[in-house]
Amino acid sequence: MCVMYTPTNTGVNFNRGAFEARAYPNPCREKLYIESAAAMDFVQLVDLLGETVASSRPSSNKATIETAGLAPGCYMLRVRGKSGETLQRIVIQ
């Protein structure tokens, strides 16, 4: 018997409204880059206990979060713009 494994994206993406943002690399080690087509009003990285570990108000379509000092694990990234918000699972190694 032969079992074939094909890796797939296991990310969780949730969009509320028409706003979309892209975060990369995921998983990340030192920095997380966030981009969107429209300006972002608020960026928040939250651990699984609900504690905010990083946040910013970029007022542009690009943002960076320093992740080097964070514990490895899963986090949730919330990005808000004028037309809605998006929520993504981020893995830090």
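The values are calculated or read from the model by the stated rules, or taken from the named source; none is laboratory data. All values derive from a computational prediction rather than experimental measurement. Quick reminder, even Gly has a Cβ in these numbers, built from the backbone with ideal geometry, and neighbours come from all protein chains shown. Heads up: the accessible areas ignore ligands, DNA and RNA and are worked out on the full protein's heavy atoms, side chains in. Shrake-Rupley method; radii C 1.70, N 1.55, O 1.52, S 1.80 Å.
For T67, list long-range residues whose amide hydrogen, built 1.01 Å from N in the peptide plane, is under 5 Å from its own amide hydrogen.
The list, which skips near neighbours in sequence, is K31, L32.
Calculate one ³J(HN,Hα) per residue across the range 62-68 by plugging θ = phi - 60° into the Karplus curve 6.51 cos²θ - 1.76 cosθ + 1.60, and present them in order as whole Hz with x for glycine and proline.
9, 8, 9, 10, 6, 10, 4
Along the range 43-49, what does the Karplus equation 6.51 cos²θ - 1.76 cosθ + 1.60 (θ = phi - 60°) give for ³J(HN,Hα), rounded to whole Hz, x for Gly and Pro?
Rounded to whole hertz, the list is 10, 9, 10, 10, 7, 6, 8.
For a quick check: with amide H placed at 1.01 Å from N, whose amide H comes under 5 Å from V53's, ignoring anything fewer than 5 positions away on the same chain?
Here L45, V46, D47 satisfy the definition.
Give me the Å³ per residue figure for the convex hull around the C-alpha atoms of the range 25-87.
78 Å³
For a quick check: with amide H placed at 1.01 Å from N, whose amide H comes under 5 Å from N61's, ignoring anything fewer than 5 positions away on the same chain?
M40
I want to check the label-to-label distance for R89 and A18. Put each point 7 Å from Cα in the C-beta direction and report it in nm to one decimal.
3.0 nm
List the residues of the range 47-91 whose backbone N lies under 18 Å from a point placed 7 Å from the Cα of Y33 along the Cα-to-Cβ direction.
Under cut-off, by backbone N: 58-68, 90-91.
Tell me, what ³J(HN,Hα) does each residue in the range 52-58 have, in order and in whole Hz, if you take phi through Karplus 6.51 cos²θ - 1.76 cosθ + 1.60 with θ = phi - 60° and put x for Gly and Pro?
Running phi through 6.51 cos²θ - 1.76 cosθ + 1.60 with θ = phi - 60° gives 6, 9, 7, 7, 7, 10, x Hz.
With every protein chain kept in place and ligands, DNA and RNA left out, what is the accessible area per residue of the range 50-93? Probe 1.4 Å, answer in Å².
Heavy-atom SASA per residue in the range 50-93 reads 55 Å².
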